[in-house]
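What follows is a set of notes on a single structure, which appears directly below.
The values are calculated or read from the model by the stated rules, or taken from the named source; none is laboratory data. Because the structure is predicted, anything quoted here is derived from the model rather than measured. FYI the Cβ positions are ideal-geometry reconstructions off the backbone, even for glycines, and counts take in every protein chain you see. In case anyone asks, the SASA skips ligands and DNA or RNA and just uses the protein heavy atoms, side chains included. Shrake-Rupley method; radii C 1.70, N 1.55, O 1.52, S 1.80 Å.
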Amino acid sequence: MEAKYAAAVKYYEKERYFQALQLFEELITVFRGTVKAEDTYYYYCECYFKTGEYTVAAYHYNNFHQTFPSSPRAEEALFKNAYCYYLDSPPTSLDQQNTVDAIRQFQLFINRYPKSEKVQNSNELIDELRFKLETKDFNNAKLYYKTGNHKAAIVAFQNVIKEYPSTIFKEESLYYILRASFAYAEQSVTGKQSERYKSTIENYYKLIDAYPSGKYLRDAEKYLLDAQSRIKKLENSAGVI
């Protein structure tokens, strides 16, 4: 068994991780409860990490932390557990459950090791992951708009602003809320149009109040004037009737 352990370490050092993994897997059981248990299991975790098996690696890093909480490697293991979730976070076009899980795991690491040198890096990675969620939500809102589901688009853009108050997409979200509210009013039955054009005007002022010199100012004014014109026509028509 000692010879197998030495061979496994050599495989690992030569970056032949698959061969090392097979030996360490056998040795974990053999060395359980001995002084070599910790080293063997940590090498085992590292082999999965080095081969890109991040889901399995995350599980074993977390298990290592629970099994050897006093180990000098415990902090590193818990960080790498979270980092595996980060590496498994998919592009924004796909489901973001792994991104949500990664944020939670980094937060657990920070709570467990608040004075760790890795806290700053963890916070930076959390910010990156949150921006991915922010981008996903914004793109989903744009998709509602592009497919003509304007009512859903308004709600989705409003949620982006609510969930991410400092989002870089705030101005664009307010602009799309304006456009979507105007389109929604146009598609409405006559009896509801006046109320919804007034909502468009309110959304115009929300955009202008937040960004008085914004890049959408000129285009936004067109929606304001059109909404005011439509309201006047509706009122005149109602007066004639």
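Apart from one condition, Lys215 fits all of (1) of a type outside the set (Gly, Ala, Ser); (2) outside any helix (DSSP H, G or I); (3) without any contact (Cβ under 8 Å) to a residue 12 or more places away in the chain; the exception is (3). Checking Tyr184, Tyr86, Tyr113 one by one, the residue that is closer than 28 Å to Glu202 by Cα and buried (at least 16 other Cβ atoms within 10 Å of the Cβ) is Tyr184 and no other. Within the range 6-58, restricting attention to residues that are hydrophobic (A, V, I, L, M, F, W, C) and part of a loop (DSSP other than H, G, I, E, B), the residue that is least open to solvent (accessible area, probe 1.4 Å) is Phe31.
Residues that are over 26 Å from Lys215 (Cβ atoms) and open to solvent by less than 30 Å² (accessible area, probe 1.4 Å) do not occur anywhere in the range 131-142. If we scan the range 141-152, do we find a residue that is in contact with a Leu (Cβ under 8 Å, 6 or more places away or on another chain) and modelled with pLDDT of 95 or more? The answer is no; no qualifying residue exists. Has the range 207-214 got any residue that is among the acidic types (Asp, Glu), open to solvent by 80 Å² or more (accessible area, probe 1.4 Å) and in contact with a helix residue (DSSP H, G or I) (Cβ under 9 Å, 6 or more places away or on another chain)? Checking the range 207-214: not a single residue is among the acidic types (Asp, Glu), open to solvent by 80 Å² or more (accessible area, probe 1.4 Å) and in contact with a helix residue (DSSP H, G or I) (Cβ under 9 Å, 6 or more places away or on another chain).
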